[in-house]
Amino acid sequence: MPNSRAALDWLLREDDDERAVPVSERVEVDDDHWRMSTERLDIGPGMWVFLSLADVWGEPTLEPRHEEPSAWLCSNIAVKGKVSLSLSDGLSTDITDRCSVLYRAVDKRARFSPAPSQRLQLAGYMLRSDRVRQMLGESLPAMLPPLIDENAVSSKLIEVPVGVRVRQAAGSLFTTKLRGALRLLFLEGVVLQLLAMQTARLDRGVSGRENPLSPKERSSILEARDLLLANMRHPPSLAALAAEVGLNEKALNAGFKELFGTTVFETLRNERLEHARQALENEDLPVKRIAFRVGYNHVNNFINAFTARYGTPPRKYRVRRSER
């Protein structure tokens, strides 16, 4: 395999950095949380494929990291099952058999948290930015350049709906009928097909907008996100936030969906819960106090939201993390 493989620091993480296991071509894990096998393939210049199969019964975490110097476009598609994806600067979403994701992690790390009690079949690929530009040329959708921007200072995540054709194509990546060069050739063709189908979705406007954001709208929405998250305990209302940045409420929500993959409310909720998760791991504070700090007046509402997001109640999450 190419020497560049050694330069890719891809980590399989179940709890902390001390127990991180370097991944070569294939890694298999069988423990109290899951039975998992993941394969990584360098299938051509600027192209990687990741194939994971798992029976999940606990709460594992997969945290890959790559050290390639250039920008890479990443994608994950769940053929079966559900996994939550979160990036270090607060962006997050659920990858399911109906919703795939295109993203760029600014620090080249991402956290995958599979839902418990399921069979997971997850396909992923990475494409170097220069190869994406070379392949798409003038057909590059307006939403794609931020995902391959060499000078980006923040992460970018876009949800892309999945239909039967995309799911079938992603499932074909797991074929065992081909070997050697024939398999690599087949995988490369499927990845290009997936990129084409996902890009076509973007070109039609995943967010429902007929036209891409103007530079002024983009600036207003970035400003709105900063204002929204500046005080999660007392955030502005949607109407107040829209008025502050000079947009109507519908345009603001659509712009959030286009830039961040989530609505204004979902962005606030995800950021609150991510801050709460970090507090549970790193601070010895009562759950009620953490809930209040991130903006939940009623602890039961916080518990329900946290459980829906991370698959376990906050107290149980803290106990399991401390045991690990």
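In the stretch 42-61, what residues are of a type in the set (A, V, I, L, M) and modelled with pLDDT of 90 or more? Steps first, please.
At the first step, the residues of the stretch 42-61 found to be of a type in the set (A, V, I, L, M) are 43, 47, 49, 51, 53-54, 56.
M47, V49, L51, L53, A54, V56 - these are the residues of the stretch 42-61 that are of a type in the set (A, V, I, L, M) and modelled with pLDDT of 90 or more.
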Across (1) crowded, with 19+ Cβ neighbours inside 10 Å; (2) in a strand (DSSP E or B), E59 clears everything bar (2)
Hits in the stretch 87-103 (condition: closer than 12 Å to G261 by Cα and in contact (Cβ under 8 Å) with a residue 40 or more places away in the chain) = G90, L91, S92, T93, C99, S100, V101, L102, Y103
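Which residue, of V106, V49, is part of a loop (DSSP other than H, G, I, E, B), assigned by TED's automatic domain parsing to the domain that holds A181 and of a type in the set (A, V, I, L, M)? Even if it seems obvious, please write down each step before you answer.
On the way: V49 fails: part of a loop (DSSP other than H, G, I, E, B).
Going through V106, V49 in turn, the sole match is V106.
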In the stretch 151-175, the residues that are among the hydroxyl-bearing types (S, T, Y), farther than 15 Å from C74 by Cα and either in contact with a strand residue (DSSP E or B) (Cβ under 8 Å, 6 or more places away or on another chain) or not in a loop (DSSP other than H, G, I, E, B) (or both) = S172
Sort out which residues of the stretch 300-314 are in a helix (DSSP H, G or I) and under 18 Å from E274 (Cβ atoms), and write them in order of number.
-> N301, F302, I303, N304, A305, F306, T307, A308, R309, Y310, P314
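To keep it simple, each residue is scored yes or no on (1) closer than 30 Å to G58 by Cα; (2) outside the structural domain of L247 (by TED's automatic domain parsing); (3) not aliphatic (A, V, I, L, M).
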{"site": "D130", "(1), (2), (3)": "no, yes, yes"}
{"site": "M143", "(1), (2), (3)": "no, yes, no"}
{"site": "R179", "(1), (2), (3)": "no, yes, yes"}
{"site": "S220", "(1), (2), (3)": "no, no, yes"}
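The values are calculated or read from the model by the stated rules, or taken from the named source; none is laboratory data. Here the structure is a predicted model, which is why all the values come from computation and not from measurement. Every residue, glycine as well, gets a Cβ built from its backbone with ideal geometry; the counts of neighbours run over all protein chains shown.
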